[in-house]
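These notes are about the structure you will find just below.
The values are calculated or read from the model by the stated rules, or taken from the named source; none is laboratory data. Please read all numbers here as calculations on a predicted model, not as lab measurements. Please note: Cβ atoms are built from the backbone with ideal geometry, for glycine as well, and neighbour counts cover all protein chains shown.
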Amino acid sequence: MLKYVTRRLALLIGIVFIISVGSFYLIHLLPGDPAVVILGTGASPAAKAALFAQLGLDKPIYLQYFTWIGNVVRGNMGTSFISQSSVAGTIRAALPIDLEIIVLSQILAFIFAIPMAMRSARKPDGVIDRILGASSFTLLSVPPFIIIVLLVLIVSIKLGIPHTGPSSYVTLASDPVGNLESLALPAITLATGSFVVYYRVLRSDLIATLQEEFITMARSKGISQRRIMWRHAFRPSSVALLGAASVNIGGLLASGFVVQYLLAIPGLGYTLISAINMSDFLLVQGIVLTVSVGVVVINFLFDFIINIVDPRISRE
Amino acid sequence: MNDDPSLAGELPGQGLFLIQEATHVEAHERSEPLGVLFWTCVGWIVLNVLGAIFANALPLKSALFQDYNNINVGPGWHHLFGTDDLGRDIFSRVVFGSRVSVAVGVGAMIIGFGIGAPLGMLAAYKRGRFDSIFTTIMYVLLAFPAIIATIAVLSFWTPRALLKIIIVIGLASVPLVYRVIRTATLNVATKDYVIAAKVQGATDRRILIKELLPNIAPIGVSFLLIGIATVITLEGALAFLGLSVNPPTPSWGNMINESRTVLAQNPWLVIFPSAALCLFLLCLNFIGDRLRTHYDVTEVKL
């Protein structure tokens, strides 16, 4: 276990290093002189000096990396030359919205996926299983940006439900109920994508588990169907579910971006796309770095949890 | 198949590759014919691809002409799908828009399979250091969510053009292809007939092409179709965010993006490209999934 964790930790550090190099190098993908592209042609010498100090642009490229990463580690991702506000501060303000959407969506997805997968697994190929199978397969082909547009069309435009349309985001601090309303459609959109994945993974894993000998054993002891499902079948199958959830994190963030973009919800995604459109490259770089490192670290934590649930994995 | 939870990790971001059916269902489906629905889907894909290739030769209205006397007209005889907020014919734009999706789907997968498939086969066949180095690299790349990486690169690598988008998405798909092909090859490489060929002194090249390739081809083809659907979805999301081909060139994704501002006045503008995209993806996924279960000749289910 310890050996497994140290190996994964070493890999994690390696991945974070590669991500940081990749994010650093993004600035150099810009055509032309980075200073001119970032600041514009009419920049003041003071602004130029600040950018050079932040990125170390006058040094060789490997030293530039160390200057930049040194600043980032100290929590300084630079100051946006467009909004004049600190990149790290902007990210800190936006991030909680993304997290709230993701948490809400995951609660919804699990509430629906787990009982439905159990229902399907009880009678594979039965009527309910076939209906759920066909509809989840169809939903698999509906991208999140279409789900959210259609939801907005129906819920906020046709039905006229308040706080659900574009540009009607309500902050959690000002009005918690309104905040939930304004995040309802985003949460449903993200939940739909996750539901399909969780349902399908859990269903096939449960079917496999239910054919194991210990289930037959439990049945022959006369244990109730319900108890067999939750205590004997779901416990081992939950590993696959956790694995799916872990892989899903990156996709959730990306779907969140799309949703925020449509509804103008000021999370990381909306901030990112606005930054791209305003050529606020330092902010784009900061968000890309934060999100990528976040995803990788969360995946690592999930691996760790999966190991605790099922210690067989690290022993292989 | 189901005992490997890491298989679920084949696609960070999209979740499309999580189509893992219970093994017992596959056992009796193998000998069945592919079915009407399968061929309907094949027909729809062929129709779309032909439409994309020959869009210029078809008797369509211009996809770019702006008719300010007919703005936001609903579906009807004159404009089959109606017109958008600039008076452009939606039907023509949907047909021409398929070109971007088809080009990205095919182009990105040529890059993805061109690099990922040979590497995956070689790694699984050679094993040893070659395998462990490449598998670690691909594992690292897979940890990076594809859509965030493509957003990042495309936002800095300006100006954006179709070829750049295809290259970026294609490269992003390499680790996925590598992983699937490597796993598929591993299953075959230990078979008796491969060992027999080795004992007879067949060259590596001969074993790879004559013994391994034909046996992983079915899995490769079904994954190819699902992969095309995945990269098309990715391009659609980028286009929706305004990071794909520049207007006025139509694509399904940027049409949906443009419909945002006129959602209340003209819902048709979002409904038709969405339906076109979803149907296309559904057919690809269905064909891919059906082929996979049809050709899934492994001992797993025995």
| query | Name the residues in region B:110-169 that are touching a residue at least 40 places away in the same chain (Cβ under 8 Å), of a type in the set (S, T, N, Q) and closer than 20 Å to A:F300 by Cα, would you? | reply | B:T135
| said: Can you find a residue that is without any contact (Cβ under 8 Å) to a residue 60 or more places away in the chain and outside any loop (DSSP other than H, G, I, E, B) anywhere in region B:55-65? | reply: no
| note | Of the listed residues (B:I115, B:I133, B:I111), the one being surrounded by fewer than 20 Cβ atoms within 10 Å (Cβ to Cβ), modelled with pLDDT of 90 or more, assigned to a helix (DSSP H, G or I) and out of contact with any strand residue (DSSP E or B) (no Cβ under 8 Å at 6 or more places or on another chain) is B:I115
| note | Just one listed residue, out of A:S194, A:S156, A:S120, A:S135, is among the small types (G, A, S), within 10 Å of another protein chain (Cβ to nearest Cβ) and without any contact (Cβ under 8 Å) to a residue 40 or more places away in the chain, and it is A:S156
| task | Evaluate region B:153-160: report whether one residue or more is surrounded by fewer than 17 Cβ atoms within 10 Å (Cβ to Cβ), more than 30 Å from A:L252 (Cβ to Cβ) and modelled with pLDDT under 85. | result | yes
| task | Go through region A:229-245 and give me each residue that's free of Cβ contacts under 8 Å to residues at least 40 places away in the same chain and surrounded by 18 or more Cβ atoms within 10 Å (Cβ to Cβ). | result | A:H232, A:S237, A:A240
| field | Residue match in region B:233-247 (condition: touching a residue at least 60 places away in the same chain (Cβ under 8 Å) and farther than 30 Å from A:I147 by Cα) | value | no
| request: Could you tell me whether B:G87 is surrounded by fewer than 20 Cβ atoms within 10 Å (Cβ to Cβ), at positive phi, not in a helix (DSSP H, G or I) and not hydrophobic (A, V, I, L, M, F, W, C)? | output: yes
| said: Return the residues of region B:99-126 that are under 18 Å from B:L163 (Cβ atoms) and among the small types (G, A, S); say none if nothing qualifies. | reply: B:S101, B:A103, B:G105, B:G107, B:A108, B:G112, B:G114
| query | Where residues in region A:18-48 are more than 10 Å from chain B (Cβ to nearest Cβ) and at pLDDT 80 or above, which of them is surrounded by the fewest Cβ atoms within 10 Å (Cβ to Cβ)? | reply | A:V21
| said: Against the condition farther than 14 Å from A:L289 by Cβ and either outside any helix (DSSP H, G or I) or under 28 Å from the mean Cα position of the chain (by Cα) (or both), how does A:I91 come out, does it pass? | reply: no
| Of (1) part of a helix (DSSP H, G or I); (2) in contact with a helix residue (DSSP H, G or I) (Cβ under 8 Å, 6 or more places away or on another chain); (3) aliphatic (A, V, I, L, M), A:I265 satisfies all except one. Which? | (1)
| task | Go through region A:255-274 and give me each residue that's facing chain B (nearest Cβ under 10 Å) and without any contact (Cβ under 8 Å) to a residue 40 or more places away in the chain. | result | A:F257, A:Y261, A:L272, A:I273
| remark: Filtering region B:242-266 down to residues that are part of a helix (DSSP H, G or I) and either aliphatic (A, V, I, L, M) or within 15 Å of A:L153 (Cβ to Cβ) (or both) yields B:M255, B:I256, B:N257, B:E258, B:S259, B:R260, B:T261, B:V262
